[in-house]
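Asker: Here's a structure for you.
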Amino acid sequence: MSSERAEHWNAAYRAKGEAGVSWFEAMPEVSLALIEEFGHGPETALIDIGGGASRLTDALIARGWTSLSVLDLSQAAIDAAKARLGDAAERVAWIVDDVTRWRPARNYDIWHDRAAFHFLTLAEDREAYAERLRAALAPGGHAIIATFASDGPERCSGLPVVRYAPAELAAAIGAPFVLVHSEHHIHTTPWGAAQAFQFSVLRREPSSQT
């Protein structure tokens, strides 16, 4: 399954380019605002899940962030980001892997995921994702997860998705995470279509150690 997923996303980025996919944002303003609100400044350890070609990394580097990791199963997406960033790409830890199979080697303070989790339509994949989140996010850390909202699209990039209200997302992730913030956001695609997203922030309870 991982190889099929990688093939799908590699083909999408090679065919459309980073600015041709529906989720492209020249400036990820909602993500940045939430990261700055729930992080602890530029030394906060952050991982961007499914963020291969996203401009979020560029914006954080420009703001002086120094502990950045990006995980994506698409080598093509990561290659596009590296080419765009040039020498600045060396400031980022790039991880080519499927989040449902990845084994985190360290802890992070912020877990950011815009438009990856909603592609996990199988219960076992969602549980594998939550397991990696529990392994990677430090107690007291925050997961910022954006999915299509309940009134958002039912498919994206030719694939079905699962739409979520904030409470539904929190239930899907489960303990030891608590929903502390949510907001509805209308994203405009590169071709002008409106897509309803919801951004949820989940805090890992500080007393949790597993």
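The values are calculated or read from the model by the stated rules, or taken from the named source; none is laboratory data. Keep in mind it's a predicted model, so treat the numbers as computed, not measured. For neighbour counting, all protein chains shown are included, and Cβ atoms are generated from backbone atoms with ideal geometry for every residue, glycine included.
Asker: From the list A146, A130, which residue is without any contact (Cβ under 8 Å) to a residue 60 or more places away in the chain, under 22 Å from A6 (Cα atoms) and not β-branched (V, I, T)? Break it down into steps so the answer makes sense when it comes.
Answerer: Numbers: A146 fails: without any contact (Cβ under 8 Å) to a residue 60 or more places away in the chain.
Answer to the selection: A130.
Asker: With the requirement that a residue be surrounded by fewer than 12 Cβ atoms within 10 Å (Cβ to Cβ) and either touching a Phe, Trp or Tyr at 6+ places or on another chain (Cβ under 7 Å) or more than 16 Å from P139 (Cβ to Cβ) (or both), what does region 189-210 give you?
Answerer: Matches in region 189-210: W191, G192, A193, A194.
Asker: Right, another one. Take the residues in region 1-18 that are crowded, with 17+ Cβ neighbours inside 10 Å and either under 15 Å from the mean Cα position of the chain (by Cα) or within 24 Å of A194 (Cα to Cα) (or both), then tell me which one is modelled with the highest pLDDT.
Answerer: The qualifying residue modelled with the highest pLDDT is E18.
Asker: Here is a follow-up. Within region 159-174, identify whether any single residue is touching a Phe, Trp or Tyr at 6+ places or on another chain (Cβ under 7 Å), part of a helix (DSSP H, G or I) and among the basic types (K, R), and answer yes or no.
Answerer: no
Asker: Checking the condition at pLDDT below 95 and β-branched (V, I, T), which residue from V21, V92 passes? I'd like the intermediate steps shown before the answer.
Answerer: Working: V92 fails: at pLDDT below 95.
One residue alone meets the criteria, V21.
Asker: Looking at S69, S54, S31, which is the one that is among the hydroxyl-bearing types (S, T, Y), closer than 20 Å to L133 by Cβ, in contact (Cβ under 8 Å) with a residue 24 or more places away in the chain and in a strand (DSSP E or B)? Write out each step before concluding.
Answerer: On the way: S54 fails: in a strand (DSSP E or B); S31 fails: in a strand (DSSP E or B).
Exactly one of S69, S54, S31 is among the hydroxyl-bearing types (S, T, Y), closer than 20 Å to L133 by Cβ, in contact (Cβ under 8 Å) with a residue 24 or more places away in the chain and in a strand (DSSP E or B), namely S69.
Asker: Let me spell it out: the conditions are (1) over 23 Å from S54 (Cβ atoms); (2) more than 18 Å from the chain's Cα centre (by Cα), and G192 meets all of them except one. Which number is the exception?
Answerer: (1)
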